[in-house]
Amino acid sequence: MKNEEEQKLRDYEKKIAELEKANGELTQFAYIVSHDLKAPLRAINNLSQWIEEDISEVMTEDARKQMALLRGRVDRMEKMISGILEYSRIGRMAVPDEIVNVSDLLHETIDSITPVEEFKIEIGTDMPTFATPRIRLAQVFANLIGNAIKHHDRKDGMVEITVHDNGDTFEFCVADDGPGIEPEYHDKVFEIFQTLHARDEVDSTGVGLTLVKKIIEEHGGNITLESAAGEGAIFRFIWPKVTREQDKS
């Protein structure tokens, strides 16, 4: 009986080692693919600028718009590649905990997004301070707030960020007064590369909310969407106070 248990343990350790090796190879592959795809994209962007400079005197306004459209699509592709690379890292690269003042984190995040002056973002007064992976929580808020601004139908829109202490977890809420999302699309918005508008209408890679969902679930929480057409959108996410790494220790 003891020999069987020892063999099972050895088999288990072998599988763990194989998984760690596969994860390392996948990470390396993602970096290589990212580099190999981004290099020609940068070349296309540079060439388009050189062409436009060389023939600027004879270019029509329509041609200038087409060149700008080309560079916009190159930029979007670079962002998509970066998003895929970041998605591949989540769960495989440890992120250390830091003492995070969430109110300060939110102000820094909003400053980096730089919304127009008319757009109002209200932060609840009871934001917590606790130990958590700062960069991951910042990524979640940056994507949720950025999406609320990007997909709003008015420049004078509003986003409200609140929190509720559930004991072992915090429930954060990011609510906007934008155009809303019909219920049949609630699951779709979390799928990679899925957007509700044509990409030429809204500059979106379709990666942001997928990253948000994976970060939150890897942290041990979950995210839900409450919305209807014309009624704004409310993203609620549960964020455990104790990380999985802390729980193991």
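Scanning region 97-139 for residues that are in contact (Cβ under 8 Å) with a residue 60 or more places away in the chain and basic (Lys, Arg) yields one hit, Arg136. Residues in region 233-249 that are modelled with pLDDT under 90 and not charged (D, E, K, R): Val242, Thr243, Gln246, Ser249. Scanning region 147-163 for residues that are surrounded by fewer than 18 Cβ atoms within 10 Å (Cβ to Cβ) and either within 15 Å of the chain's Cα centre (by Cα) or part of a loop (DSSP other than H, G, I, E, B) (or both) gives Lys150, Asp153, Arg154, Lys155, Asp156. Within region 99-117, restricting attention to residues that are under 18 Å from the mean Cα position of the chain (by Cα) and part of a loop (DSSP other than H, G, I, E, B), the residue that is modelled with the lowest pLDDT is Thr114. Of all residues in region 118-139, those satisfying the criterion of being hydrophobic (A, V, I, L, M, F, W, C), farther than 17 Å from Ala175 by Cβ and not in a helix (DSSP H, G or I) are Phe130, Ala131.
The values are calculated or read from the model by the stated rules, or taken from the named source; none is laboratory data. What you are looking at is a predicted structure, and each value in this text was computed from that prediction instead of being measured. Every residue, glycine among them, receives a Cβ derived from its backbone with ideal geometry; neighbour counts consider all protein chains shown.
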